[in-house]
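Quick note: the coordinates plus some simple rules give every number you see, no bench work behind them. Everything quoted here is computed from the prediction, not taken from an experiment. Cβ sites come from the backbone with ideal geometry, for glycine too, and all protein chains shown count toward neighbours.
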Amino acid sequence: MTNAPAVPTTHAAQPDRRSWYKRNEIAITPWLFLLPGILFFAAYVVIPIFQSFQVSFYRWDGLGDLTEQGQFIGLGNYQELATDRNFEISLVNNIKWLLLYLLAIPLGLFIALFLNQTVTGIRLYKSLFFFPFVISQVVVGLVFSWFYLPSEGLLNAVIGLVGLGPVNILGDPDMATYGIIAAGLWPQTAYCMILYLTGLNAVDPEQIEAARLDGAKKWKMLWYIIIPQLKPATFIAFVVTIIGALRSFDLISIMTNGGPFGSTRVLSFYMYEKALAEFGFRMGYGAAIAVVLFVIMLFFIAYFLYSMWRDERGAR
């Protein structure tokens, strides 16, 4: 008697009785954690940006409803900016800030390379270089204001030792902006140093050893081996430094309040003067300045994002 072959039993597919959230939990859960941050970012950053564009088309003193109390003038505020001498000075000063502030990046890199060595007292050196990063910009402004004092300041005391006369940096329209930029470079260099110290910890030691075997030393090692591996840190340093240079305000407010004779104004400070200062309340004009500053900042950030995306795409 032969046994009949066993027929495999087929089970009908059971319907997934889990809830919609359980079926999509992996895709949804990250967005639930991000949702509060997205809402705050939209409410306090994205929406005000569009409101600034809207306000820039009005002549409005900030009192009452914009559409009722304000007067729509189209591009009138931007046309006035084109002939405003103070706006031109502010824009030129912002360009000076932008160019000179970028010195913080190579300075931060070389300080980080020094602090990455194993030498006696390295922890003390790291603390001293890290110190400017943790103090307020207001404190930095006050310290450098005292440092630049014409008669009692430390700077004039030092140059007096070599027979040079006293200089009034913050009182000279031609030198005041550079004096404030020097004050801003102090904490910004410390910030770039921290970024590069973090990046140096991720440098591949095998590549360094291979380069040493191939005879790479000093500057060649730095340029061809180390710096290419620091691209992420360099990207962040560029973006943060450019944003810091373009929106500089607190140091100017503390050290010169825009003087002498308005020579140290930048776009952010001029916007404050026009929109919120004692004799300002030109909200539409201030918003137009803010829009110009936003477009300049957006251009640089978009350029660096595109450069980073292009490099990553080429590396694949």
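Things worth noting here:
- Converting the Cα gyration tensor eigenvalues of the stretch 71-142 into ellipsoid dimensions via √(5λ) gives semi-axes, longest first, of 43, 14, 10 Å.
- Compactness of the chain - radius of gyration and Dmax, Cα, Å: 28.3, 122
- Taking 0.36 nm per residue of sequence separation and removing the Cα-Cα distance, the A27/W186 pair yields an extension gain of 52.8 nm.
- Relative contact order %, the chain, counting alpha carbon pairs below 8 Å whose residues are six or more apart: 25
- Exposure proxy order (Cβ contacts within 10 Å, fewest to most) of K231, K126: K231, K126
- The amide H of F72, built 1.01 Å from its N in the peptide plane, has R59 as neighbours under 5 Å, considering only residues 5 or more places off or on other chains.
- Using θ = phi - 60° and Karplus 6.51 cos²θ - 1.76 cosθ + 1.60, couplings along the stretch 177-185 (whole Hz; Gly, Pro as x): 4, 5, x, 5, 4, 4, 5, x, 5
- Between I122 and M308, the simple spin-label model (points 7 angstrom out along Cα→Cβ) gives 2.8 nm.
- Comparing G62, G121, G74 in a Gaussian network model of the chain where C-alpha atoms under 10 Å apart are linked, the largest mean-square fluctuation is found at G121.
- FRET E, pair I95, L154, Förster distance 45 Å, beta-carbon r, rounded to 0.05: 0.90
- Least to most buried among I301, I226, I289, I47 (fewest other Cβ within 10 Å first): I47, I301, I226, I289
- Fewest-first sequence of Y44, Y191, Y224 by Cβ atoms within 10 Å of each Cβ: Y44, Y224, Y191
- Selected from S127, S263, S145 as most flexible by GNM, with the chain as the system and alpha-carbon contacts under 10 Å: S127
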